[in-house]
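Since the structure comes first, as structure tokens, the remarks are kept for the end.
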């Protein structure tokens, strides 16, 4: 008589779930906070300068954790390439996209990153583009179309620059993620985050200082509080919590958990900025999340 062993369930760490929740909430709140900050400061300067300070803070945390900061010579070129794709492009393009888009719209567009990862893994990693991945891409883009083009054709055209910039940022992040899988960056997590954010935000900050010429006096008390949030919460706390969560949770669980980010972004934009959240927004969010869920399932 053969006894079939029971499949052991993977026990999820409560601390890992809590850390993932902090990450999702922190990153989700970034959308309405950044949208408000744009009313007082230009996007490249706000995102780039806060990122540099955040990277310096992460470096101090890495030293406190006794993680090495030295970058192996063989990794330097790929570190710069991945940092430009995943950080520079995201920080710059998503910041500029918010000039034309509402925070809720930018949050929904951010959902598409895992779909682009699944699509770009085909030519870069040789992972076959299955029918399920193709459907996932179509579904996710359908949700985006429902949200952006739902009012009228004229409204969709007015938002087109923001739509293109947000999608460009998402595609770049997807490509950077795939390249990271192809050329692994073997460094301690906090040190790696400090380098990536620092390298990625420096060119954005320089471009902001040269083109936008930001005036610190233009920031109100709420504006300064927003800058502090971007620096300490978005770039520091959330990244530390994210890497800590990855150490305690399966990768699939962590990936699905990040789907909370756009949900928090849409709901917080409605609460903080009084952006509309009706049936159309709910359907668009649900459809886009469904597409990403299919993409994650296909991996």
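Below is a table of values for the structure above.
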read-out: Among (1) in a helix (DSSP H, G or I); (2) at pLDDT 90 or above; (3) surrounded by fewer than 24 Cβ atoms within 10 Å (Cβ to Cβ), the one test that residue 66 misses; value: (1)
read-out: Test: residue in the range 277-296 that is surrounded by fewer than 16 Cβ atoms within 10 Å (Cβ to Cβ), touching a helix residue (DSSP H, G or I) at 6+ places or on another chain (Cβ under 7 Å), at pLDDT 75 or above and within 17 Å of residue 31 (Cα to Cα); value: yes
read-out: Unmet requirement for residue 87, which otherwise passes all of (1) at pLDDT below 90; (2) closer than 24 Å to residue 213 by Cβ; value: (1)
read-out: Residue in the range 236-245 that is in contact with a helix residue (DSSP H, G or I) (Cβ under 7 Å, 6 or more places away or on another chain), crowded, with 21+ Cβ neighbours inside 10 Å, farther than 25 Å from residue 108 by Cβ and modelled with pLDDT of 80 or more present; value: yes
read-out: Only listed residue being modelled with pLDDT of 85 or more, at negative phi and surrounded by fewer than 21 Cβ atoms within 10 Å (Cβ to Cβ), chosen from 157, 206, 256, 197; value: 206
read-out: Residue in the range 202-212 that is more than 23 Å from residue 43 (Cα to Cα) and without any contact (Cβ under 8 Å) to a residue 40 or more places away in the chain present; value: no
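For (1) under 23 Å from residue 108 (Cα atoms); (2) surrounded by 20 or more Cβ atoms within 10 Å (Cβ to Cβ); (3) touching a residue at least 24 places away in the same chain (Cβ under 8 Å); (4) in contact with a helix residue (DSSP H, G or I) (Cβ under 6 Å, 6 or more places away or on another chain), each residue gets a yes or a no:
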| site | (1), (2), (3), (4) |
| --- | --- |
| 23 | yes, yes, yes, yes |
| 27 | yes, yes, yes, yes |
| 30 | yes, yes, yes, yes |
| 33 | yes, yes, yes, yes |
| 38 | yes, no, yes, yes |
| 41 | no, yes, yes, no |
| 51 | yes, yes, yes, yes |
| 57 | no, no, yes, yes |
| 62 | no, yes, yes, yes |
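The values are calculated or read from the model by the stated rules, or taken from the named source; none is laboratory data. None of these values were measured; they are calculated from a predicted model. Glycine gets a Cβ as well: all are built from the backbone with ideal geometry, and neighbour counts include every protein chain shown.
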